[in-house]
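Colleague: Take this structure, written in structure tokens, and hold onto it; I'll ask about it next.
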Amino acid sequence: VEGTLVRKHEWESAAKRASNRSWDKVYVVAKEGRMAFYKDQKSYKATPEQHWRGEAPLDLNRAVVEVAANYTKKKHVFRLRLDNGAEFLLQAHDEAEMQWWLDGLRAR
Ligand code: I3P
């Protein structure tokens, strides 16, 4: 699954709050058990090895995704919790798109 989402990094690990906590629009590509971030689709197509801000892809093995019901500041937000305790909030354009991401990420 891939597409544009707005992302906020909440936790570096289960015990460490992320330092950069702003919301950023990113192009997200989830495949082969990994999630990679890009500036936009064009950047992904041109140079897939060149990630957004040089960020290494995330390991999706044993990761959990769920609607971020307790996050009320924005709509259509879901949470991605990695096996290492890191956590991200991801905002989709609408409810249907959010569900598409949840289904896609769970089917992997
Ligand atoms: C963050 C930014 C986020 C905000 C976060 C701030 O500041 O305003 O939107 O999260 O709050 O730290 P900056 O852009 O200067 O990094 P919310 O939108 O969820 O409020 P937080 O530290 O309470 O998570």
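The values are calculated or read from the model by the stated rules, or taken from the named source; none is laboratory data. The structure presented is a predicted model; accordingly, all values stated were derived computationally and were not measured. We place every Cβ from the backbone using ideal geometry, glycine too, and count neighbours over all the protein chains shown. Each accessible area value is taken on the protein alone, full model and side chains, heavy atoms only, with ligands, DNA and RNA left out. Shrake-Rupley method; radii C 1.70, N 1.55, O 1.52, S 1.80 Å.
Colleague: For the chain, what does the convex hull of the Cα positions come to per residue, in cubic angstrom?
Modeller: 97 Å³
Colleague: Another question, if that's okay. Can you show me the helix-derived [θ] at 222 nm for the chain, built from DSSP H runs with n ≥ 4 at -39,500 (n - 2.57) apiece and divided by the number of residues, rounded to the nearest 500.
Modeller: Theoretical 222 nm ellipticity from helices: -5000 deg cm²/dmol.
Colleague: Points 7 angstrom from Cα along the Cβ direction at Gln50 and Val64: gap in nanometres?
Modeller: Result: 3.8 nm between the two label points.
Colleague: If you don't mind, another one. Limiting things to C-alpha atoms, what are the Rg and the maximum Cα-Cα separation (Dmax) for the stretch 1-55, in angstroms?
Modeller: 11.9, 37
Colleague: Spelling out what I want: for every residue of the stretch 27-32, take phi, set θ = phi - 60°, compute 6.51 cos²θ - 1.76 cosθ + 1.60 (Karplus), and round to whole Hz; glycine and proline get x.
Modeller: So the J values, rounded to whole Hz, are 9, 10, 10, 10, 7, 6.
Colleague: Taking the stretch 51-108, which GluC sites (Glu not before Pro) meet the DSSP loop condition and have no more than 13 other C-beta atoms within 10 Å?
Modeller: Glu55
Colleague: When the Karplus curve 6.51 cos²θ - 1.76 cosθ + 1.60 is applied with θ = phi - 60°, which whole-Hz ³J(HN,Hα) does each residue of the stretch 64-81 get, with x for Gly and Pro?
Modeller: 3J(HN,Hα) across the stretch 64-81, in whole Hz: 10, 10, 7, 4, 7, 5, 8, 9, 10, 6, 10, 9, 6, 10, 10, 10, 10, 10.
Colleague: Further, regarding this structure: Keeping all protein chains in place, calculate the accessible area per residue for the chain (probe 1.4 angstrom), answer in Å².
Modeller: Dividing the accessible area of the chain by its residue count gives 59 Å².
Colleague: What is the set of long-range amide H partners of Ala63 at a cut-off below 5 Å, with H atoms built 1.01 Å from backbone N?
Modeller: Asp83
Colleague: Under 5 Å between amide hydrogens, which residues at least 5 positions from Ala68 or on another chain qualify, with H placed 1.01 Å from N in the peptide plane?
Modeller: For Ala68, whose amide H was placed from the backbone, the distant partners under 5 Å are Val77, Phe78, Arg79.
Colleague: Continuing with the same structure: The stretch 54-93: which trypsin sites (Lys or Arg not before Pro) are DSSP loop and have at most 12 other beta-carbon atoms within 10 angstrom?
Modeller: Answer in residue order: Arg62, Lys73, Lys74, Lys75.
Colleague: Could you tally the net charge around Tyr71, taking each other residue with its Cβ under 12 Å from the Cβ of Tyr71, Lys/Arg +1 and Asp/Glu -1?
Modeller: Here the charged neighbours net out to +2.
Colleague: Report, by chain and number, residues whose modeled amide H sits under 5 Å from the one on Ala86, excluding near sequence neighbours (fewer than 5 apart, same chain).
Modeller: The answer is Ala14.
Colleague: Of all the accessible heavy-atom surface of the chain, with the other protein chains kept in place and a 1.4 Å probe, what percent is carbon and sulfur?
Modeller: 48 percent
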